[in-house]
Amino acid sequence: LQLSSKIDQCSDALRQLESSLTIAGYEVQTVRVATNPFGEWLTTDTIEEDGGGSKRENPSLQKKAKTESSRDKIIARLQTLNTLLSTKDIQFCSLGPSMNPEHTTQICPLIVSVHPGRFSCSANVHAGDLDAARAAAQCIQRISTLGDDGGKDNIVENIVGDGSHVVGGLGNFRFCAASCVETVPFFPGARAPSDQTNTI
């Protein structure tokens, strides 16, 4: 399914649930969605189709994921998703966990920086995985300076918006490190099951 169709279906299901809860006397404060790990669909430059139509890792394209053009594609995809969610009045979206330390340090801060703060994400850190733990710590440190005047890592300027949602370390409310969880309902660690498609 195209992303817009997927968001339409998700929104319809959420609005039906919201209506049922409201009729039953519950207050619905926000409407939120969670996706499968973002590395499975947001960073598609690292995946290529083989002759049989299945996907496999391409080492040369993994390196390309670090380039500015790949970063621009990720930003464009985030902005598209942000617009679609805004149109459907879905206030928050967790893009699932980073399963890759490099994604944790490079892409998670980018996800968190998107104005107006609709997106959150997490890092998968299993016990004893020092690389993942270091990457999560670096990410938290990097996010804590996003949007601050004079910050050496103000990537918010590259995304539409004013960055007020991350100034003063507020971006760290949109990122967490978690371990040993498959599906999680809480934000920012919320995630849908992994299945190599854009699951919402």
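Key figures
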quantity: At q = 0.14, 0.15, 0.27 Å⁻¹, base-10 log of I(q)/I(0) for region 71-148 (Debye sum, equal scatterers on each alpha carbon); calculated: -0.47, -0.53, -1.27
quantity: By accessible area with a 1.4 Å probe, ligands and nucleic acids excluded, highest first: order of 94, 19; calculated: 19, 94
quantity: Contour minus Cα-Cα distance for residue 134 and residue 22 (0.36 nm per residue); calculated: 36.0 nm
quantity: Residue 166 - accessible surface, heavy atoms, 1.4 Å probe, Å² rounded to 10; calculated: 0
quantity: FRET efficiency estimate (nearest 0.05) - Cβ-Cβ, residue 141 to residue 183, R0 25 angstrom; calculated: 0.35
quantity: Sequence of 14, 21, 110 from largest to smallest accessible area, 1.4 Å probe; calculated: 21, 14, 110
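The values are calculated or read from the model by the stated rules, or taken from the named source; none is laboratory data. Fair warning: this is a prediction, and the values are worked out from it, not measured in the lab. Every residue, glycine among them, receives a Cβ derived from its backbone with ideal geometry; neighbour counts consider all protein chains shown. Side chains included, ligands, DNA and RNA excluded: accessible areas come from the protein's heavy atoms. Shrake-Rupley method; radii C 1.70, N 1.55, O 1.52, S 1.80 Å.
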